[in-house]
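Engineer: Sharing a structure, written as structure tokens. Questions coming.
The values are calculated or read from the model by the stated rules, or taken from the named source; none is laboratory data. Everything numeric here is computed off the predicted structure, so don't read it as measured data. Neighbour counts are summed over all protein chains in view; Cβ atoms, including those assigned to glycine, are modelled from backbone coordinates with ideal geometry.
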Amino acid sequence: MEKRILILTAGYGEGHNAAARGMRDGLAAVAADSAVVELHDLFAETYGFVNEWVRKGYLALINRAPRAWAKIYEWTDRPQDYGANMRALFQARSRLSQLLLRFQPTAVVSVYPAYPHLLDQILGDAIPPFGRVVCITDSITVNAIWFRCVSDLFLVPNEQTAAVLAQAGVPHDKVKVTGFPVTVKFAELGELRKPPTPGGERRLLYMINAGGRAAPAIIRGLAQIADARLTVTVGRDERLRNAVEEIRREMGREFEIVGWSDQLPRLMLESHLLISKAGGATVQETIAAKCPMIINQIVPGQEEGNARLIEETRSGAVAATPTEIVSAVEQAFADDARLWREWSANIGRLSRPRASFEIAELLLA
């Protein structure tokens, strides 16, 4: 029987899309000739510019008014009838119904928590001809909207998150620790990092995130660290690139500036430390790369667990201010990089760079 796998995602945070693409690419590598895979963002497809307006509003809210977002997140985590709250999404539900009829999937994988509840509304008590899978992209602080739904299987990124679902009453046999489905490049590229040596370079990767008002001070501090080889990513933001280039000219210190690139996995695999926010995709990719992380920003709610994962496993540190970030970097490499070596060993134990392949094999089975 031909496998037909439908992956459902949404652009509200990069973690959902990154996981969806990772699964799609893993399936393409494992079963290019034996499976048909479709990936859809039904919110973008259904609501068009309205969805884009809401998406940008959400991103602005979490970056500029995190306390307000924390209240909303806390409200959605309370026991409630999620399906009833989603009745307004009747257009997306209708589109999903049509997609199910057309595509006839053997498995539906939800990488955004609204979709399982839309499926619940569509199916009611009927037993569907496809398996229902939920891929949870957050760690530890998992909003109840992810698992208060019908699903045959919940895929989680680590044992810590599996323990949270168990405590919430999700049956053990419905939870599978697979790792986060990062891009297959992490597995294909393999080990690229050279351990730090006395007097050798320390490769620092600073990924500037939205709302990074402290970026200029962070760059100035990192660029002045002895033996640092700094790379700064600016994405597609040309205004940000110009500002970072101006800082480089003012300082007279050479460092690399990278725009949008498909080489981020290689950069992570080559770097000794990543400095960035505690986004779901970012944290899971740095774990896949076995690259210790210094977290400089945490969105309340979903990102708190990602930061806890790094701190509690001693795979890096949280540092809120530019001064604290520079101090954390210097401490990591002090005493022949003793702390960095501890972080590196610990994050290596969490790393599952082949998660996309393993999830693909699980879905095909």
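Engineer: Answer with yes or no whether G22 is in contact with a Pro (Cβ under 6 Å, 6 or more places away or on another chain) and assigned by TED's automatic domain parsing to the domain that holds C149.
Structural biologist: So G22 passes the test.
Here is a yes/no grid of residues against (1) at pLDDT 95 or above; (2) buried (at least 21 other Cβ atoms within 10 Å of the Cβ); (3) in contact with a Ser or Thr (Cβ under 7 Å, 6 or more places away or on another chain):
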| residue | (1), (2), (3) |
| --- | --- |
| D25 | yes, no, yes |
| F43 | yes, yes, no |
| G48 | no, no, no |
| R67 | no, no, no |
| Q80 | no, no, no |
| F90 | no, no, no |
| Q98 | yes, no, no |
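Engineer: Keeping to segment 29-52, report how many residues are outside any helix (DSSP H, G or I), in contact (Cβ under 8 Å) with a residue 12 or more places away in the chain and not aliphatic (A, V, I, L, M).
Structural biologist: 4
Engineer: Restricting the search to segment 145-172, which residues are among the hydrophobic types (A, V, I, L, M, F, W, C) and either farther than 23 Å from L6 by Cα or in a loop (DSSP other than H, G, I, E, B) (or both)?
Structural biologist: Selection gives F147, C149, V150, A162, A163, V164, L165, A166, A168, V170.
Engineer: Being within 22 Å of T197 (Cβ to Cβ) and in a helix (DSSP H, G or I) is true for just one of L240, L230, L274, L269. Which residue is that?
Structural biologist: L269
Engineer: Out of all the residues in segment 292-325, which are modelled with pLDDT under 95, among the β-branched types (V, I, T) and surrounded by 20 or more Cβ atoms within 10 Å (Cβ to Cβ)?
Structural biologist: The one that is modelled with pLDDT under 95, among the β-branched types (V, I, T) and surrounded by 20 or more Cβ atoms within 10 Å (Cβ to Cβ): V299.
Engineer: On the given criteria, is G57 at pLDDT below 95, under 22 Å from the mean Cα position of the chain (by Cα) and outside any loop (DSSP other than H, G, I, E, B)?
Structural biologist: yes
Engineer: A further question on this structure: Being of a type outside the set (S, T, Y) and in contact with a Gly (Cβ under 6 Å, 6 or more places away or on another chain) narrows it down to one of M268, M293, so name that one.
Structural biologist: Checking each option against the conditions leaves just M293.
Engineer: Right, another one. Tell me yes or no: at least one residue of segment 262-271 is surrounded by fewer than 24 Cβ atoms within 10 Å (Cβ to Cβ), modelled with pLDDT of 95 or more, of a type in the set (K, R) and closer than 22 Å to R21 by Cα.
Structural biologist: Within segment 262-271, one or more residues are surrounded by fewer than 24 Cβ atoms within 10 Å (Cβ to Cβ), modelled with pLDDT of 95 or more, of a type in the set (K, R) and closer than 22 Å to R21 by Cα.
Engineer: Of the residues G26, G15, only one is within 16 Å of the chain's Cα centre (by Cα) and in a helix (DSSP H, G or I); which?
Structural biologist: G15
Engineer: Pick out the one residue from A65, A35, A84 that is touching a helix residue (DSSP H, G or I) at 6+ places or on another chain (Cβ under 8 Å) and of a type outside the set (S, T, Y).
Structural biologist: A35
Engineer: Confirm whether P216 is assigned by TED's automatic domain parsing to the domain that holds G316, out of contact with any strand residue (DSSP E or B) (no Cβ under 9 Å at 6 or more places or on another chain), surrounded by 18 or more Cβ atoms within 10 Å (Cβ to Cβ) and assigned to a helix (DSSP H, G or I).
Structural biologist: no
Engineer: How about segment 300-344: which of its residues are within 15 Å of G279 (Cα to Cα) and either in a helix (DSSP H, G or I) or in contact with a Lys or Arg (Cβ under 6 Å, 6 or more places away or on another chain) (or both)?
Structural biologist: Selection gives Q302, E303, E304, G305, N306, A307, R308, L309, I310, E311.
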